[in-house]
Amino acid sequence: MFFKYKTTTRQGYKEYVCDKEICSNCRFKDKCLTGKSEFRTIRQYVWEEYKDKNIAFLKTDKGKKQCLLTVAVQNMKKIARVISLFFKSINKIFMLKTEIYYENLYAIALINPLICKIRGGINNL
């Protein structure tokens, strides 16, 4: 391997450098090196290795199945949320109708004795 680990920066990148001797004898140094640099430095994000492993896993049969199961669970969660909102709105409508019904019963209970008196008693209803 040409590159050796040098350090990890504060921004979360691992730096790898190549030896000066290898770079000075390389036939691609005109294309690879920039400016006055005598060796090549490569920066790789800390989590890049794990990201590559995850991508490789997702290409396997087990990874594809796990991905499909994850998507199914996420869709079920969305469906449950929509159903929950639907039942909340139905419950609000039902509670409103129930409230109106009880208000009407109360109004009827207040008016009913007056009607009975006007018609001549309870027996005439």
Members of the range 9-29 that are open to solvent by 60 Å² or more (accessible area, probe 1.4 Å) and within 12 Å of I42 (Cα to Cα): Y13
Listing of helices (runs of 4 or more DSSP H) fully contained in the range 10-101 that carry 3 or more residues being acidic (D, E) and either modelled with pLDDT of 85 or more or in contact with a Gly (Cβ under 8 Å, 6 or more places away or on another chain) (or both): 48-58
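Every residue, every condition in (1) over 27 Å from T9 (Cα atoms); (2) open to solvent by 90 Å² or more (accessible area, probe 1.4 Å); (3) in contact (Cβ under 8 Å) with a residue 40 or more places away in the chain, yes or no:
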{"residue": "K31", "(1), (2), (3)": "no, yes, no"}
{"residue": "E38", "(1), (2), (3)": "no, yes, no"}
{"residue": "Q44", "(1), (2), (3)": "no, no, no"}
{"residue": "E49", "(1), (2), (3)": "no, no, no"}
{"residue": "K53", "(1), (2), (3)": "no, yes, no"}
{"residue": "F57", "(1), (2), (3)": "yes, no, no"}
{"residue": "K64", "(1), (2), (3)": "yes, yes, no"}
{"residue": "A72", "(1), (2), (3)": "yes, no, no"}
{"residue": "N75", "(1), (2), (3)": "yes, no, no"}
Where a residue in the range 1-16 is within 16 Å of E48 (Cα to Cα) and its partner, wherever it lies, is open to solvent by less than 100 Å² (accessible area, probe 1.4 Å) and acidic (D, E), with Cβ under 8 Å and at least six apart: Y5/E15; T7/E15; T8/E15; T9/E15
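The values are calculated or read from the model by the stated rules, or taken from the named source; none is laboratory data. Just so you know, these numbers come straight off a predicted model, no measurement behind them. Reconstructed Cβ throughout: ideal geometry from the backbone, glycine too, with neighbour counts over all protein chains shown. These accessible areas exclude ligands, DNA and RNA; they are computed on the full protein's heavy atoms, side chains included. Shrake-Rupley method; radii C 1.70, N 1.55, O 1.52, S 1.80 Å.
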